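Step one of this worksheet: look at the structure below.
The values are calculated or read from the model by the stated rules, or taken from the named source; none is laboratory data. Since the structure is predicted, the reported quantities are computational estimates derived from the model, not experimental observations. No Cβ is skipped: glycine too gets one built from the backbone with ideal geometry, and neighbour counts run over all protein chains shown.
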Amino acid sequence: MQRKGARRHEVLERLEHEPVLDAAAVARVAQDTGVPEADVWGAMRFYSLLSRRDAGLRVCQGLSCKLAGSDALLAELAAAGQPHVAVSCLGQCDRAPAAIGADLHVARAGAERGPVLPDDPELPVNLGGADDARYAALAQARRLGPDRVLAELEAAGLQGRGGAGFPAHLKWRAVRGEADPERTVVCNADEAEPGTFKDRETMLRRPHRVLEGLAIAALVTGARQAWVYVRGEFPACRAALEAAAAQAAPQLHGLTLHFVSGHGAYICGEETALLESIEGKRGMPRLKPPFPTQRGLFGKPTLIHNVETLACVPELLLRGGAWFRARGRAEAGTKLYSISGHVNSPGVYELPLGVTLDELVAVAGGYRGNPRAFSPGGASSGFLPMSMRDTPLDFGSLSRAGSMLGSAGVVVLDDTVDLAWAARQQAVFFEDESCGQCAPCRIGTRVLRQAVDRYLDGGDPAALRHAADVGWEMDEGSICGLGMVASWPLQSARRHFPGDFGPHKRR
Ligand SMILES: Cc1cc2nc3c(=O)[nH]c(=O)nc-3n(C[C@H](O)[C@H](O)[C@H](O)COP(=O)(O)O)c2cc1C
Ligand code: SF4
């Protein structure tokens, strides 16, 4: 229930600007915004960039950083007495092991930023190309009008690149069809899935392309307000987008752009948690329906898209839906694949949607060592054996294979990696990042991590005997996708690598 006159949406930004986050600061923000003190306190505790603001160096614990030696970095910092904290994936998997400083910029990295493909006009996003502030596609959209833009979008077969692969044109039509004339578009730039850093590169290299896609979406859906929610740990991305927005202002007439930074909660990438966060609350996913297209930001019909989805739109419109569709294989268009782990050249590569792992790794400089397993789409996608290396890396094929493309954050593991250890890393991630709203997820993620720990400590497979049941309960009883898939890494690792979960094995 909103208190009359309360300015809840200001809470997080106000907390962000408080020099010290103590009880007095919370009371001040509560007083100024009219939001109850307990709510302000709850919001502050929820977000790690607020609750642990002065923690020192933030050392990434994502799988790729773990593989590259983040434990040694933690030990080094501890030995030097340097304040630090272990955090979930920082989206710097190409630079593993990585850590960020108090200003949230990368302070320690094992490598330079990874490469992208060189300029190629046949690529819809074309990360290697020069960003372009002419907004020709937006002008084209104005000439064509909403119905013809929607027809091109449908012909293109563009599926959302944020994870679910839902057809974009259906969401645009749904928002456009709502009776409420006050609509909103939102760019989901909260990229935080372990193994994924494609949106980071897109915002840094092609900010105009992202904003142009957003402006076209606003034009077609009739939105006059656009929000961009950028991961807090990506300050350079927000700066690139804001600079582009200032430059593009004359072309964006009629559209008001709002930029919001995340505060260090992975769950805010989930679309309804993200909306809650923009509204100044803890990022806890909402029950659906109603879907955001019906009741989204501040209760208004809302179109929310991933950065990459929006970045596909301008070229798609200029070259036509059929052109875009033909860039893919069984599914339409190209895909930005982030790849890291045991490959020679971790980076972001735009390839036809549906390439195989071997094709992707060939572009990424080849395998490093002898490959044993891969995770095709972030932590949620689990682990697959190399016998499945020919599975097309697209939404449908991976789903049929019992995995998911998700955000296409591919991590390759060589034959030195124990899959029980790897499953534990992902279990820790989900336990840390569960928002805690539903009991099956809050308790289940902890029970699974504890079970793997017991197995790794004692070498007794009996420690894992309830894991499948716990996973089932989580899938059945969770509100959002996090709880539904959090057991997948462990379940898939046990299914495909039973030898790593056998008896008498001690680590
Ligand atoms: C736990 C969880 C985390 C998510 N994280 C992201 C994210 O970081 N970025 C993103 O675009 N979508 C993320 N999603 C998907 C969004 O909920 C939503 O489907 C997406 O933003 C819609 O955009 P699209 O249609 O362009 O894919 C996440 C979903 C879940 C369940
Ligand atoms: S499934 Fe987990 S992350 Fe999602 S709403 Fe429930 S507790 Fe939160």
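Quick test for you: out of GLY254, GLY232, GLY213, GLY195, pick the one residue that is part of a loop (DSSP other than H, G, I, E, B), closer than 21 Å to ASN126 by Cα and away from ligand 2 (no atom under 16 Å from the Cβ).
GLY195
Determine whether the range 413-428 contains at least one residue that is within 16 Å of ligand 1 (Cβ to nearest atom) and at positive phi.
Scanning the range 413-428 turns up no residue that is within 16 Å of ligand 1 (Cβ to nearest atom) and at positive phi.
Suppose we filter ALA151, ALA164, ALA179, ALA136 for residues that are out of contact with any strand residue (DSSP E or B) (no Cβ under 7 Å at 6 or more places or on another chain) and within 16 Å of ligand 2 (Cβ to nearest atom); which single one remains?
None of the others qualify; the one that does is ALA164.
If you check SER434, SER399, SER403, which single one turns out to be closer than 23 Å to GLY499 by Cα, within 20 Å of the chain's Cα centre (by Cα), modelled with pLDDT of 95 or more and within 16 Å of ligand 1 (Cβ to nearest atom)?
One residue alone meets the criteria, SER403.
It is to be established whether one or more residues within the range 319-331 are closer than 30 Å to ALA68 by Cβ, aromatic (Phe, Trp, Tyr) and touching a Leu at 6+ places or on another chain (Cβ under 9 Å).
Checked the range 319-331: no residue is closer than 30 Å to ALA68 by Cβ, aromatic (Phe, Trp, Tyr) and touching a Leu at 6+ places or on another chain (Cβ under 9 Å).
Within 24 Å of the chain's Cα centre (by Cα), more than 16 Å from ligand 1 (Cβ to nearest atom) and touching a residue at least 24 places away in the same chain (Cβ under 8 Å), is that true of ASP131?
So ASP131 passes the test.
Which residues, taken from the range 298-321, are buried (at least 24 other Cβ atoms within 10 Å of the Cβ) and either of a type in the set (A, V, I, L, M, F, W, C) or in contact with a Phe, Trp or Tyr (Cβ under 6 Å, 6 or more places away or on another chain) (or both)?
LEU303, ILE304, VAL307, LEU310, ALA311, CYS312, VAL313, LEU316, LEU317
Quick check on my filter: what residues within the range 1-59 are more than 20 Å from GLY264 (Cβ to Cβ) and either among the basic types (Lys, Arg) or not in a helix (DSSP H, G or I) (or both)?
MET1, GLN2, ARG3, LYS4, GLY5, ALA6, ARG7, ARG28, GLY34, VAL35, PRO36
If you check ALA427 against the conditions, is it surrounded by 20 or more Cβ atoms within 10 Å (Cβ to Cβ), assigned to a helix (DSSP H, G or I) and of a type in the set (Gly, Ala, Ser)?
yes
Can you work out which of the residues in the range 367-396 that are among the hydroxyl-bearing types (Ser, Thr, Tyr) and more than 21 Å from the chain's Cα centre (by Cα) is nearest to ALA423 (Cα to Cα)?
SER387
Within the range 333-354, identify whether any single residue is more than 16 Å from ligand 2 (Cβ to nearest atom), in contact with a strand residue (DSSP E or B) (Cβ under 9 Å, 6 or more places away or on another chain), assigned to a helix (DSSP H, G or I) and not assigned by TED's automatic domain parsing to the domain that holds VAL186, and answer yes or no.
So far as the range 333-354 goes, no, none of its residues is more than 16 Å from ligand 2 (Cβ to nearest atom), in contact with a strand residue (DSSP E or B) (Cβ under 9 Å, 6 or more places away or on another chain), assigned to a helix (DSSP H, G or I) and not assigned by TED's automatic domain parsing to the domain that holds VAL186.
Give me the residue from the range 149-184 that is in a strand (DSSP E or B) and either surrounded by fewer than 22 Cβ atoms within 10 Å (Cβ to Cβ) or more than 18 Å from the chain's Cα centre (by Cα) (or both) and, out of that set, farthest from ligand 1 (Cβ to nearest atom).
Here the residue is THR184.
Name the residue that is nearest to ligand 1 (Cβ to nearest atom), counting only residues in the range 275-312 that are within 17 Å of GLY483 (Cβ to Cβ) and of a type in the set (A, V, I, L, M, F, W, C).
Selected residue: MET284.
Only residues in the range 451-464 that are of a type in the set (Val, Ile, Thr) count as the first member; pair them with residues that are modelled with pLDDT of 95 or more and in a helix (DSSP H, G or I), Cβ under 7 angstrom, at least 6 apart or cross-chain, and list the lot.
Once the first residue is of a type in the set (Val, Ile, Thr) and sits in the range 451-464, its partners that are modelled with pLDDT of 95 or more and in a helix (DSSP H, G or I) give VAL452/ALA420; VAL452/ALA423; VAL452/ARG424; VAL452/ALA427; VAL452/LEU490.
Can you name every one of the helices (runs of 4 or more DSSP H) wholly within the range 462-507 that holds 1 or more residues which are away from ligand 1 (no atom under 16 Å from the Cβ) and charged (D, E, K, R)?
Counting at least 1 such residues, we get 467-477, 488-496.
Can you pull out the residues in the range 268-289 that are within 16 Å of VAL230 (Cβ to Cβ), of a type outside the set (D, E, K, R) and within 16 Å of ligand 2 (Cβ to nearest atom)?
Matches in the range 268-289: CYS268, GLY269, ALA273, LEU274, LEU275, SER277, GLY283.
Among the listed residues ALA462, ALA493, ALA427, ALA451, identify the single one that is at pLDDT below 95, of a type in the set (A, V, I, L, M) and not assigned by TED's automatic domain parsing to the domain that holds GLU201.
ALA462
Of all residues in the range 306-332 being out of contact with any Ser or Thr (no Cβ under 8 Å at 6 or more places or on another chain) and assigned to a loop (DSSP other than H, G, I, E, B), which is nearest to ALA133 (Cα to Cα)?
GLY320
Just one of (1) under 27 Å from the mean Cα position of the chain (by Cα); (2) without any contact (Cβ under 8 Å) to a residue 40 or more places away in the chain trips up SER88, so point out which.
(2)
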